[in-house]
Protein chains: 2
Amino acid sequence: MPAPNFDVIASLSKRRGFVFPSSEIYGGMAGFWDYGPLGVELRNNVKAAWWRHMVHLRDDVVGLDAAIIMNPRVWEASGHVAGFSDPMSDCRSCKLRFRTDDLKGPPSEIACPNCGQRGTLTEPRQFNLMFATHVGPVEDSASVAYLRPETAQAMFAQFENVATSMRRKLPFGIAQIGRSFRNEITPGNFIFRLREFEQMEMEFFVHPRDEDEWFAHWVEARHRWWTDVLGIAPERLRLRPHDADELSHYSKQTTDIEYEFPIGWSELEGVADRTDFDLRAHAAASGKKLEVFDEKAGEHVVPFVIEPAMGVDRAVLTVLVDGYAEEQLAKETRVVLRIRPDLAPVKAAVLPLLRNRPELVERARRLTADLKQQVTAMYDDTASIGKLYRRQDEIGTPYCVTVDPESLDDGAATIRDRDTMTQERVSMELVPQRIAELVEGRAQWEGIPREPAGAGAP
Amino acid sequence: MPAPNFDVIASLSKRRGFVFPSSEIYGGMAGFWDYGPLGVELRNNVKAAWWRHMVHLRDDVVGLDAAIIMNPRVWEASGHVAGFSDPMSDCRSCKLRFRTDDLKGPPSEIACPNCGQRGTLTEPRQFNLMFATHVGPVEDSASVAYLRPETAQAMFAQFENVATSMRRKLPFGIAQIGRSFRNEITPGNFIFRLREFEQMEMEFFVHPRDEDEWFAHWVEARHRWWTDVLGIAPERLRLRPHDADELSHYSKQTTDIEYEFPIGWSELEGVADRTDFDLRAHAAASGKKLEVFDEKAGEHVVPFVIEPAMGVDRAVLTVLVDGYAEEQLAKETRVVLRIRPDLAPVKAAVLPLLRNRPELVERARRLTADLKQQVTAMYDDTASIGKLYRRQDEIGTPYCVTVDPESLDDGAATIRDRDTMTQERVSMELVPQRIAELVEGRAQWEGIPREPAGAGAP
């Protein structure tokens, strides 16, 4: 089936506790969303998968977690204070403001899209996308500070501290996961374009002579992460090198990883060759030397930077869109989230077949507690077994464990696989271990079937 | 030994990559700090320990991850816009501003602490501690928004969405980990009082009749978390119930968990009985019903709230202060961080005894890669073995694995215990499994010896 549109995902997300409109009881807040109980878990799993592959499994990357508010001179040096802006036009009559790029013609020639008057739109002027605030007791220009619009600059500002404290030589990288903020004029498309979002960025410092080799490495490694670790369908992914005229001012070459959403091919991640632009800018502005000693050449060099940068929210959206399926079973349609077991918010749901049998309920609750020692698990007995299966399918729970009257005799329970709907009878004592193995095994070795398992029993 | 002072910890933190002054190359930023490579790991481990015990292991608590910027009406309803403030006095002569509470007398009577003039200090006026910004293209009063000064209000604003999507009945809790911001006039004491900090808060909703019982439960459960999960010395912890005159306006009873820092007994966490204050305030301001149906009584009730709330940064500081020890060995002093293995940034360091033997280095690197599949591990060969042990002791690495020439013959390596400095010879194939067991076993069953193991070989 084609990828579902964002409305379908937003509706599922709200109904099942993945994502809620922020401050909804007060009418919401455009460009801001809250992650509900299941959304937090999914998001944390996506972040953990990135951190594990970008930091823990590698020898050449370390982490950082910097403050969101940095000294404002960071943003002067980076060029954000002067240049991180969109052109805007005001209507002199109705006082509304518009992004000039969105207008259907030059502001001097067209009517105001709101009030319809002509000749009322001002010439474009630059509107900075950084959120500003004041730090300290006095509100004046000296106390202005910004919410970071990207996490990357912290890696440049702390380059020296990290390299020294961790005794690092080239090549090495600094990775960070954290919130960033951009005062977007037109946020939208659910959690695709946000004003507050979370980034996962890594700045990889290399000798200038190794620039191209490492750029190629990271494009390939990041593409593989999306397919092999997040489990995204390869046919919906593509690599798109930037044309020369769309490169950022700091970048010599950039390749985007794109996904085919219902709104079209859209960027998930960019791998950018930032050259030595940033380190030189911060060295010049701070008066500090930001370089390393290259033993091979016997001289100090300013490293080049290869940066893979992506947004967590967009990754979560991609996992939901890519995993969503509607399947026709014998008597009903089921919605199933075919996401990798290690990403699923709940790994195992324990469902007693009869909730009016206290000894059955007690045994199922005990099994839930045992399971929780190994994986995220939940207990549910608030509906018929068929309905309970559908609920778990819809939130991507890979394994349901059913405790039935026979369990009290044979001490075993039934493990049902979300994708194949096949069942396996396992001794209850071994269920936690078996589920942990299944989750880990599937995470490492197997793909997820993308086609319906076909009509059949649940 | 007594707890080390903050300077000792700050120095170790910067030197070894736990915590750096934010934007240090630009002169820093008061009240803001960045977590370096080891600090991120420690902090993530503290957060994971909280999430596991507060959410995953329980049946009655779910998570939330809300946007930092919420609709400003949230902060009007909560009382923060009107009341979250400190009294300040300005000097009319030198223009500096002071927290009135810090002045050594009434502002009308004393000299300005900066310029020394008398009669220049203004009467106190309220200074709001929330950072303000503007959202959207226009900067006016309608676009003002705030960085949250606490995470708690999101749990009240999303109470209905969470309860409905997760089919929750009383009692149940909503937990959140996330950044908060307060424009403190006098930040300081390293990461003890910050302007940007991270909170772990949980709002537990109960029937009013169960208020006292649950308050007692959470005071006890949270105290136990600090001793049994974080491994903090019980003799340096105390419970301190608030006197009636220090209770917040929303609280009926509050008990603080305090630690004996070198600066004195200080708050680590507060368990507050917030009654129905918050839900009623948001219901009144939003016009929505924020209540649940109580089946026992057959009526709708507005739940009471018991809130355990703590700061991540202060927990990290406590772990560092409490774990820090200087021990006299036969020939030297060693600094050792006696922190729980599951909190340690690095679980295992692989150290080749000779770095000029390529086959030894190769074998040690292979072992590191194997270890990384199970735990966070690192390889180091940049100094003598004695020095390498000291480095790992100082960052709290519980296990060092030494690969020596004999390893090439017998296929075994030596695992050294950080605290006892005892050594165990284990087949290299089994080392990853053995370390994983040791970390998990120590996490669950054993305490950490607080006294030096005594002089002896490393």
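The values are calculated or read from the model by the stated rules, or taken from the named source; none is laboratory data. Note that the structure is predicted; figures quoted are calculated from it, not measured. When we count neighbours, we look across all protein chains shown, and the Cβ atoms used for this are built from the backbone with ideal geometry, even at glycine. Remember, those area values only see protein heavy atoms, side chains included, never the ligands or the DNA or RNA. Shrake-Rupley method; radii C 1.70, N 1.55, O 1.52, S 1.80 Å.
Data table
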quantity: Loop trypsin sites (Lys or Arg not before Pro), segment A:214-297, which have at most 10 other Cβ atoms in a 10 Å radius of their Cβ (DSSP); calculated: A:Lys296
quantity: Peptide A:377-384, shielding by other chains (average Cβ, 10 Å cutoff); calculated: 1
quantity: Solvent-accessible area, 1.4 Å probe, carbon plus sulfur percent, for the protein assembly as shown; calculated: 49 percent
quantity: Kyte-Doolittle mean at least 1.6 and Cα axial length at least 24 Å: DSSP H helices in chain B; calculated: none
quantity: Simple spin-label estimate for B:Met166 and A:Ala297 in nanometres, 7 Å along Cα-Cβ; calculated: 5.5 nm
quantity: Partner chain coverage, peptide A:51-59 - average Cβ within 10 angstrom; calculated: 3
quantity: Global size of segment B:341-441 as Cα Rg and Dmax, reported in angstrom; calculated: 12.1, 36
quantity: Chain A, relative contact order [Cα under 8 Å, separation at least 6], %; calculated: 13 percent
quantity: Note, ³J(HN,Hα) from phi for segment A:63-72, Karplus 6.51, -1.76, 1.60, rounded to Hz, x at Gly and Pro; calculated: x, 8, 9, 8, 5, 5, 8, 10, 3, x
quantity: Test item: Cα-centred dipole of segment B:23-163, Lys/Arg +1 and Asp/Glu -1 on Cβ, debye; calculated: 360 debye
quantity: Computed helical MRE - 222 nm, chain A, DSSP H runs ≥ 4 contributing -39500 (n - 2.57), nearest 500; calculated: -8500 deg cm²/dmol
quantity: Loop GluC sites (Glu not before Pro), segment A:89-177, which have at most 11 other Cβ atoms in a 10 Å radius of their Cβ (DSSP); calculated: A:Glu109
quantity: Gain upon complete extension [B:Arg280, B:Val8; 0.36 nm per residue less C-alpha separation]; calculated: 93.3 nm
quantity: The protein assembly as shown: C-alpha gyration tensor shape, a/c 1.5 cut-off, then a/b vs b/c; calculated: rounded
quantity: Net charge contributed by nearby residues that have their C-beta within less than 15 Å of B:Leu354 (K/R +1, D/E -1); calculated: -2
quantity: Estimated translational D of chain B in µm²/s (Stokes, Kirkwood radius over Cα pairs; 20 °C; 1.002 mPa s); calculated: 86 µm²/s
quantity: Distance (nanometres) between label positions extended 7 Å along Cα→Cβ at A:Asp210 and B:Glu235; calculated: 5.1 nm
quantity: Eligible lysines near B:Lys387 by straight Cα distance, threshold 25 Å, same-chain separation 8 or greater; calculated: A:Lys169, B:Lys14, B:Lys331, B:Lys347, B:Lys372
quantity: Neighbouring partner chain Cβ atoms per residue of B:87-98, average, 10 Å criterion; calculated: 1
quantity: Cβ-derived FRET efficiency at R0 22 Å, B:Ala383 paired with A:Asp60, nearest 0.05; calculated: 0.65
quantity: Value of relative contact order over segment B:341-441, rounded to a whole percent, pairs C-alpha under 8 Å and six or more apart; calculated: 31 percent
quantity: Average accessible area per residue (Å²) across the protein assembly as shown - probe 1.4 Å, nucleic acids and ligands excluded; calculated: 40 Å²
quantity: Around A:Asp409: net Lys/Arg minus Asp/Glu count, Cβ-Cβ under 14 Å; calculated: -1
quantity: Contact order relative to length of segment A:1-126, as percent, for alpha carbon pairs under 8 angstrom and 6 or more apart; calculated: 13 percent
quantity: Area of B:Val144 that stays accessible when all protein chains are in place (1.4 Å probe, Å², to 10); calculated: 40 Å²
quantity: Phi to ³J(HN,Hα) by Karplus 6.51 cos²θ - 1.76 cosθ + 1.60 over segment A:302-308, Hz, x for Gly, Pro; calculated: 8, x, 8, 10, 10, 10, x
quantity: Accessible area buried at the B-A interface, both sides summed, 1.4 Å probe (Å², nearest 100); calculated: 6900 Å²
quantity: B:Gln373-A:Gln328 pseudo-label distance in nm [points 7 Å out on the Cα-to-Cβ vector]; calculated: 4.4 nm
quantity: In segment B:59-127, the trypsin sites (Lys or Arg not before Pro) that fall in loop regions by DSSP, at most 14 other Cβ within 10 Å; calculated: B:Arg92, B:Lys95, B:Lys104
quantity: Burial order of peptide ranges B:130-138, B:28-36, B:240-248 (average beta-carbon count within 10 Å, highest first); calculated: B:28-36, B:130-138, B:240-248
